[in-house]
1. Please enumerate the residues belonging to the stretch 16-52 that are within 19 Å of L81 (Cα to Cα), assigned to a strand (DSSP E or B) and modelled with pLDDT of 90 or more.
2. Just need a number here: residues in the stretch 167-186 that are in contact with a strand residue (DSSP E or B) (Cβ under 7 Å, 6 or more places away or on another chain) and crowded, with 18+ Cβ neighbours inside 10 Å.
3. Looking at the stretch 95-108, is at least one residue surrounded by fewer than 24 Cβ atoms within 10 Å (Cβ to Cβ), at pLDDT 90 or above, under 15 Å from D72 (Cα atoms) and among the small types (G, A, S)?
4. Between a first residue in the stretch 66-82 that is on the phi > 0 side of the Ramachandran plot and crowded, with 19+ Cβ neighbours inside 10 Å and a second residue that is in a loop (DSSP other than H, G, I, E, B) and among the hydroxyl-bearing types (S, T, Y), which pairs have beta carbons less than 8 Å apart while being 6 or more apart in sequence or on different chains?
5. Which residues, counting only those in the stretch 40-59, are open to solvent by 20 Å² or more (accessible area, probe 1.4 Å) and either touching a Ser or Thr at 6+ places or on another chain (Cβ under 9 Å) or charged (D, E, K, R) (or both)?
6. Take the residues of the stretch 1-15 that are aliphatic (A, V, I, L, M) and outside any loop (DSSP other than H, G, I, E, B): which is modelled with the highest pLDDT?
7. For the stretch 127-144, name all the residues that are over 21 Å from V181 (Cβ atoms) and crowded, with 18+ Cβ neighbours inside 10 Å.
8. Scan the stretch 187-201 and tell me whether some residue there is β-branched (V, I, T), touching a Gly at 6+ places or on another chain (Cβ under 8 Å) and crowded, with 16+ Cβ neighbours inside 10 Å.
Amino acid sequence: NLTSVTIGNSVNSIGNEAFMRCSKLNKIVINSENTTFDSRDNSNAIIETKTNTLIAGCKNTIIPNSITSIEDDAFNGCYGLTSVTIPNSVTSIGHKAFYDCSNLTSVTIGNSVTFIGNKAFRNCSSLTSVTIGNSVTSIGDEVFKYCFKLNKIISLNPTPPLCESEATFYIDNYTKATLYVPKDSYTKYFIDGVWGKFTNIVKSEL
């Protein structure tokens, strides 16, 4: 039932999964004199200052444009999160970063996100659409597994991102979701071992 957290200036270590499944958490504040962590731009997040890594977030988190990576389990079990935009500055999304965010409906992954970790969006059972930026080159195992409602996938990369296995997506996604790909890359996606399993591939002008 934790709804807010304030972290003092002497805290210099926060463990993985520290706020996991704190679904009602809506406010995170870091003391401005803390030299290890910050919550810049009223982001409602715990950010490791030196590395620009988002360690933990909550349902009201707005990911700042200065963030370069999202840590493993950063939003794991954050049931209150309904949509997320991952800015162009982010180059990697950690394992299980958004695992079990069961009310998350839409995700936009910016144009610098190169790696999406294993199970990053697994069990996001309300997720209906996802946009994958044009710099994403690798997508881990079971990233979208059990995303039952996923019906729109937009991939902006002219080269199909390497998927860990066909289990990257939930098996029903291949027949029920529409995959939008760059129009000049249709054939590359169509013949790919994983992307080619989608029965509905549409050439996009995006």
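1. A45, I46, I47
2. Looking only at that region, the number is 9.
3. Looking through the stretch 95-108, none of the residues is surrounded by fewer than 24 Cβ atoms within 10 Å (Cβ to Cβ), at pLDDT 90 or above, under 15 Å from D72 (Cα atoms) and among the small types (G, A, S).
4. That search, which allows pairs on different chains as well, returns D73/Y99; G77/S23; G77/Y99.
5. Residues satisfying the conditions are R40, D41, N44, E48, T49, K50, T51, N52, K59.
6. I7
7. Scanning the stretch 127-144 gives a single hit, E142.
8. The answer is no; no qualifying residue exists.
The values are calculated or read from the model by the stated rules, or taken from the named source; none is laboratory data. Please read all numbers here as calculations on a predicted model, not as lab measurements. Ideal geometry is used to build each Cβ from the backbone, glycine not excepted, and the neighbour counts take in all protein chains shown. These area figures cover heavy atoms from the full protein model, side chains too; ligands, DNA and RNA do not enter into them. Shrake-Rupley method; radii C 1.70, N 1.55, O 1.52, S 1.80 Å.
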